[in-house]
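Worksheet for the structure shown next.
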Amino acid sequence: MSGNDDSGGPAAGHVVRDGLRIAFLDWGAGRFDAEPLVVLHPNGFCAGFFDPLARRIGDQFRVVGVDLRGHGSSDRVVDQRRLGNDDMATDVLAVADHLGLDRFSLLGHSLGGGVSIETAAAAPERVSAVMLCEAIAVGRFEADVEGGAPSLAVTARRRRPVWPDRATVRASYGSRPPLDALAPEALAAYVRWGFVDRDDGQVELACAPETEAGIFDSRSRHGPLQTFQRLGGVSAPTSVLAGTLTDLAAAWFVEQAEILGTEVVWVEGGHFFLFEDIDRAEGLVRFHLG
């Protein structure tokens with residue numbers, strides 16, 4: 001592992017599983033006096049997206065963020081059959097094994113929430129608590145689940161992959177929904193870690209548009225329907241949070257909460273509410289996982 005060049009930044013490392021390089025960021029490398037917290041990002045994003053929040057809560061938690069396969073610094077994957085939530089959960093456990101995290105909490109947002117469910121169900125003896133933020137795990141018929149997926153997949157495939165520089169990316173993303181609602185430091189973190197430098201001086205999306213689209217299209221992978229069925233296997237105390245302005249179906253989160261024996265915590269904001277106000281996010285994490 002090698003640390004970032006800025007004070008308080010995460011150390012970077014990786015494991016190899018299933019023939020893939022799975023990268024991670026560790027904001028508390030070498031610390032054994034803080035509770036391990038594994039954070040899992042939304043589709044199309046990366047572990048570095050959590051950087052502002054990880055720095056805020058580093059006094060209490062050793063935060064480890066995993067770049068889910070196909071994202072961030074992990075190897076690119078475009079084959080939908082290799083983008084299942086179950087495989088990603090096994091990757092997460094491989095990172096935890098590598099770091100010696102025998103027991104840890106989970107914070108997952110969107111896709112990361114789905115992978116958190118799979119992880120908690122696969123290794124209940126290792127997960128102490130779970131915080132789900134608009135986890136994509138749905139119990140309805142596939143026709144209903146996929147109702148919005150084609151448009152999301154189409155939009156993902158249309159994403160511009162190559163940009164002149166990060167400043168241009170930040171100005172563009174920060175001026176239009178949904179990322180215009182992000183806290184400035186969260187947007188900056190995504191632009192920093194979610195793009196890779198090219199030899200020609202430009203920058204490119206770390207997550208290929210086809211990877212993001214393949215995850216939105218769950219027909220040929222272990223996706224939201226299968227993950228919903230795993231909720232009954234989650235035994236750790238679990239909180240279910242959702243944004244009041246979410247563009248997803250509120251019933252999804254109500255159903256998740258019912259199975260988990262809790263109630264939805266509604267937080268002002270949209271689908272990315274956790275990253276819209278970092279002060280509030282800090283409070284939420286300390287309350288639900290502290």
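Worth pointing out:
- Only one of the numbered conditions (1) hydrophobic (A, V, I, L, M, F, W, C); (2) closer than 26 Å to Gly243 by Cβ; (3) touching a helix residue (DSSP H, G or I) at 6+ places or on another chain (Cβ under 6 Å) is not met by Leu107, and that is (3).
- In this structure, Arg55 does not satisfy being surrounded by fewer than 24 Cβ atoms within 10 Å (Cβ to Cβ) and farther than 14 Å from Ala189 by Cβ.
- Looking at Arg69, Arg21, Arg62, Arg56, just one residue is basic (Lys, Arg), within 17 Å of Gly113 (Cβ to Cβ), within 19 Å of the chain's Cα centre (by Cα) and at pLDDT 95 or above, and that residue is Arg69.
- Filter result for the condition that a residue is farther than 16 Å from Gly9 by Cβ and crowded, with 24+ Cβ neighbours inside 10 Å, over Val39, Val66: Val66
- Count - residues of the range 174-186 that are in a helix (DSSP H, G or I) and free of Cβ contacts under 8 Å to residues at least 40 places away in the same chain: 2
- Residue within the range 127-139 that is more than 23 Å from Phe275 (Cβ to Cβ), out of contact with any Asp or Glu (no Cβ under 9 Å at 6 or more places or on another chain) and either among the charged types (D, E, K, R) or at pLDDT below 95 (or both) present: no
- Some residue of the range 146-160 being at pLDDT 95 or above, buried (at least 16 other Cβ atoms within 10 Å of the Cβ) and within 17 Å of Cys46 (Cβ to Cβ): no
- Any chance Val78 is surrounded by fewer than 22 Cβ atoms within 10 Å (Cβ to Cβ), among the β-branched types (Val, Ile, Thr) and in contact (Cβ under 8 Å) with a residue 24 or more places away in the chain: yes
- Boolean, Asp91 is at pLDDT 95 or above, surrounded by 14 or more Cβ atoms within 10 Å (Cβ to Cβ) and among the acidic types (Asp, Glu): yes
- Of Arg159, Arg221, all but one fail to be basic (Lys, Arg), within 20 Å of the chain's Cα centre (by Cα) and more than 30 Å from Ala257 (Cβ to Cβ); the exception is Arg159.
- When residues of the range 233-252 are limited to those that are touching a Phe, Trp or Tyr at 6+ places or on another chain (Cβ under 9 Å) and touching a residue at least 40 places away in the same chain (Cβ under 8 Å), the one farthest from Glu134 (Cα to Cα): Ser239
The values are calculated or read from the model by the stated rules, or taken from the named source; none is laboratory data. Here the structure is a predicted model, which is why all the values come from computation and not from measurement. We place every Cβ from the backbone using ideal geometry, glycine too, and count neighbours over all the protein chains shown.
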